[in-house]
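What follows is a short report on a single structure.
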Number of protein chains: 4
Amino acid sequence: MATNDDLTDLTDRVRAFATDRQWEQFHTPKNLSMALAGEVGELLAELQWLTPEQSRTVMADPELGPRVRAEIGDVMIYLTRLADVLGVDLIEAANDKLTDSARRYPVEAARGSAAKRR
Amino acid sequence: MATNDDLTDLTDRVRAFATDRQWEQFHTPKNLSMALAGEVGELLAELQWLTPEQSRTVMADPELGPRVRAEIGDVMIYLTRLADVLGVDLIEAANDKLTDSARRYPVEAARGSAAKRR
Amino acid sequence: MATNDDLTDLTDRVRAFATDRQWEQFHTPKNLSMALAGEVGELLAELQWLTPEQSRTVMADPELGPRVRAEIGDVMIYLTRLADVLGVDLIEAANDKLTDSARRYPVEAARGSAAKRR
Amino acid sequence: MATNDDLTDLTDRVRAFATDRQWEQFHTPKNLSMALAGEVGELLAELQWLTPEQSRTVMADPELGPRVRAEIGDVMIYLTRLADVLGVDLIEAANDKLTDSARRYPVEAARGSAAKRR
């Protein structure tokens, strides 16, 4: 359960991690987007041979579960860092996009459908 | 600035969005990881021809800025949904990974270096 | 069916396409790798909500089939261009990696197994 | 330099590699697209902290060069396998897309421009 200011704390911690190592010079939005894509690629690699059904219970697997969780952590770290460097509020950006999607995919029309976006 | 329970609220809102449209059937971890990668791909496409320096000021561009923000919103939506479906706490997973990385990349050794991971 | 020098011809044609438009300046390996990832993301987006079984017959779908083929074409264009810019022979690089994989995954041990890499 | 039927030979070799190990069951287009994205992610990881200029000479680096070549080999293997499973001719699909792009980006209008697609 997320408690108060957890995301702000994480953002600060990731920033300090980079600053302590003098990595700001490498942390351009372009470079960070590549790092983000690299981590998502590692996440896909963990799930690629599972059936969709098997993937639903992957966290119960003593070997795969921790690996999937670690990859998700890496993705979140780079996404947080990218948003920080760009000055984008992650939660606001997601909420705005969700409002937009709600308009484009009205409940009645979209219900259970196989239309392209979900 | 993230306020109390923002991430929990976002998680709930994304879940309701999917449930209202009866999309849980499509939202397996495997499928969601593909959707996440697709959105990251769209983010890369916005930054691919910029120099790293140009990417630092992309948010000031009246055309590119809002597009980059929207893509980041999409990435965050799918990452939040994936973590929810898997029962993974995004903040905890990121913090645990960061603790692990701090051990693997000690400040003194990593400072300003061009070693593989940053 | 691939005929004589098809890949060489494609490489030349993609290079001329870039040169005619004075795009060599943008076609660094870094930028091209991002473009490649962007196109793979579009390919994933076409397949993300299909079951693995449905994906086997996607080419028979009058709407999805041509879209998947076009995305694969885009991926091949950027991969060809990237290899050309780097001076890497795509066929040789793939064959060398396949020889390496054959050593790491001996037939008897790997047969039908759910081990990580396939 | 690609010689006669090199791509056909590679396709056959990759297919035999999978068949010998009874991996056809895992090689659905959906799964293979994820594997392709995973390999592209590994390629990005090799280039992410380089400047675009540094990436132009990456093959001359005794450590990075072979790694980049190996990742490109992996990407080509999965792209070849995906096309084979779908019954798509890689060269034809790329050529058709290139013809389409030539129409959408006429030389005069596109020359040296920073328009979105290149």
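The values are calculated or read from the model by the stated rules, or taken from the named source; none is laboratory data. Everything numeric in this text was worked out from a predicted model, so none of it was measured. Cβ sites come from the backbone with ideal geometry, for glycine too, and all protein chains shown count toward neighbours. Remember, those area values only see protein heavy atoms, side chains included, never the ligands or the DNA or RNA. Shrake-Rupley method; radii C 1.70, N 1.55, O 1.52, S 1.80 Å.
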Exercise. Given (1) in contact with a Leu (Cβ under 8 Å, 6 or more places away or on another chain); (2) without any contact (Cβ under 8 Å) to a residue 24 or more places away in the chain; (3) over 30 Å from C:E24 (Cβ atoms); (4) not small (G, A, S), where does D:M59 come up short, assuming only one miss?
Worked result: (3)
Exercise. In segment B:65-118, which residues are within 28 Å of B:W49 (Cβ to Cβ), open to solvent by 10 Å² or more (accessible area, probe 1.4 Å) and hydrophobic (A, V, I, L, M, F, W, C)?
Worked result: B:A70, B:I77, B:A114, B:A115
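Among the listed residues B:R67, B:R81, which satisfies the condition of being within 14 Å of chain C (Cβ to nearest Cβ), more than 15 Å from the chain's Cα centre (by Cα) and among the basic types (K, R)? Outline the logic, then answer.
On the way: B:R81 fails: more than 15 Å from the chain's Cα centre (by Cα).
B:R67 is the lone residue from the list that is within 14 Å of chain C (Cβ to nearest Cβ), more than 15 Å from the chain's Cα centre (by Cα) and among the basic types (K, R).
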For this session: Mind listing whichever residues of segment A:17-54 are of a type in the set (A, V, I, L, M, F, W, C) and touching a residue at least 40 places away in the same chain (Cβ under 8 Å)?
Result: A:A18, A:L32, A:A35, A:L36
For this session: Please verify whether segment A:69-86 includes one or more residues that are over 19 Å from B:R103 (Cβ atoms) and free of Cβ contacts under 8 Å to residues at least 12 places away in the same chain.
Result: no
Exercise. Can you pull out the helices (runs of 4 or more DSSP H) entirely within segment A:1-58 that have at least 3 residues that are open to solvent by 10 Å² or more (accessible area, probe 1.4 Å) and within 12 Å of chain D (Cβ to nearest Cβ)?
Worked result: A:29-47
